[in-house]
Amino acid sequence: MRQMKNVKDVKNILVIFGGVSSEYEVSLESAYAVLCNLDKAKYRPLPLGISRQGQWFYFMGDFSKIKEDTWCNGTDCVSAVLSPDRTAHELLLLKEERVERIPVDVAFPVLHGRFGEDGTVQGLVELAGIPLAGCAALASALCMDKDRAHKLAACFGVRVPKATVLAKDGALEAAKVFASQVGYPLFAKPVKAGSSYGVTKVEAESQLAPAIALAFKYDDRVILEEAIGGFEVGCAVLGTDSLIVGEVDEIELAGGFFDYTEKYSLKTSAIHVPARIAGEKAKELQETAKRIYRALDCSGFARVDMFLTPEGEIVFNEVNTIPGFTEHSRYPGMMRAAGYSFEKILDIIIEQAEAEQGEQDK
């Protein structure tokens, strides 16, 4: 029997979290913030957790257990699947005695990394015909692939770092040739990974082999990039046809690069919102972010990361189609500086997901 909504016009929002990627913990933090900031007068949150092993569960406990990573237990969880039937728009709870059906109005993946942010889950939601909050499958896959994202952005007139992609066979020899042409320092990165997992700043040839080996632990392709001078900046983009941009932020580093530890602890770094740059340069960065966003077919929301060189040149770094969504994450911070509360951001994302699906269904 279908489980009906408790209040008229309250929408059921499926918040998908967890996952099998190395960014599982980050997803829990982001999902907790999203669940807590949804307007309960307008939305009924449906937490759908994916365990580290890839099991799907509908979670019925206190949201704090998600943040603490104690959510996956026999008391609060029931096995669940998303129905692929385009006429259903349902989450199926697989109980021992029956299948319980919960209608879904919008699916909101809050997943980071592979098998969550790379188009896989987005494709499932699109197949089911459920309105999707955020980028669709194609854009998600393109943005996760640093090599292809750079090539597309370059076609739209955006400068990208000099780079080469390494396959496992002959990787070190190819890397040495590239390094001799470009010079050090270089960055070795998995082609498809986030949160700076597997990324190394390579200062000398002796560091190439271990850096490449580390990156291959996270992907079967590795990209070697020139290091760009200056500092990293970001721009939050919201929307599909008409775009809203947040204030540009700036990452101030004491040394090294913005690795996983710095991203989530800020031990020796700081984030400035707005960035400490001239207003005209900030506008140029915002326009460049919108150009990249459209070049990669993004929709819903995303964070576009770039470098600003000492000469004032803008260089593309990457797009995060599901950026960190904690209260203190960069995306909400940039939008807050532009006058948008966390609750309002979620409202806009959900409303445009429904509107976009409505256009597709016409």
From the square roots a ≥ b ≥ c of the eigenvalues of the alpha-carbon gyration tensor of region 1-109, which class results: rounded (a/c under 1.5), prolate (a/b over b/c), or oblate? oblate
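At 222 nm, what helix-only mean residue ellipticity would the chain give, in deg cm²/dmol to the nearest 500, using -39500 (n - 2.57) for each DSSP H run of four or more? All intermediate terms of the calculation are to be shown ahead of the outcome.
Numbers: 11 runs with 116 residues, N = 362.
Taking each H run of at least 4 residues, the total per residue is -9500 deg cm²/dmol.
Pairs K168/K290; K146/K217; K146/K290; K11/K65: which are spaced more than 27 Å apart, C-alpha to C-alpha? Provide the component values of the computation, followed by the final result.
Details: K168/K290 35 Å; K146/K217 16 Å; K146/K290 18 Å; K11/K65 23 Å.
In this structure, K168/K290 exceed 27 Å between Cα atoms.
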For the chain, with the dipole built from +1 on Lys and Arg beta-carbon atoms and -1 on Asp and Glu ones, taken about the Cα centre, which of N12, S140, A31 lies farthest toward the positive end? N12
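What number, in nm² with one decimal, is the all-direction average of the projected area of the convex hull of the alpha-carbon atoms of region 296-354? All intermediate terms of the calculation are to be shown ahead of the outcome.
Working: hull surface 20.1 nm².
If you wrap the Cα atoms of region 296-354 in a convex hull and average its projections, you get 5.0 nm².
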Taking the Cα atoms of the chain, what is the range of coordinates along each of the three principal axes, in descending order and whole Å? 66, 45, 41
Please report, in whole Å³, the volume per residue of the convex hull around the C-alpha atoms of region 84-217. 146
What fraction of the DSSP beta bridges in the chain is antiparallel, stated in percent and rounded to the nearest 5? 75
In terms of the Cα gyration tensor, with a ≥ b ≥ c the square roots of its eigenvalues, is region 66-145 rounded because a/c is under 1.5, prolate because a/b exceeds b/c, or oblate? oblate
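Sorted by average packing, counted as other Cβ atoms within 10 angstrom per residue and highest first, what order do 329-342, 105-118, 54-67 take?
Peptide ranking by packing, descending: 105-118, 329-342, 54-67.
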With unit charges on the beta carbons (Lys and Arg positive, Asp and Glu negative) and the dipole taken about the Cα centre of the chain, which residue among S79, G239, G333 sits farthest to the positive side? S79
Please work out the FRET efficiency for the pair D220 and V78, using the Cβ-Cβ distance as r and a Förster radius of 35 Å; give the result to the nearest 0.05. 0.50
Extension gain (nm, one decimal) between T70 and R291, 0.36 nm per residue minus Cα-Cα: 75.4 nm
Ignoring ligands, DNA and RNA, please state the percent of accessible area on the chain from carbon and sulfur, probe 1.4 Å. 51
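The values are calculated or read from the model by the stated rules, or taken from the named source; none is laboratory data. The structure presented is a predicted model; accordingly, all values stated were derived computationally and were not measured. Glycine gets a Cβ as well: all are built from the backbone with ideal geometry, and neighbour counts include every protein chain shown. For accessibility, only protein heavy atoms count, side chains too; no ligands or nucleic acids. Shrake-Rupley method; radii C 1.70, N 1.55, O 1.52, S 1.80 Å.
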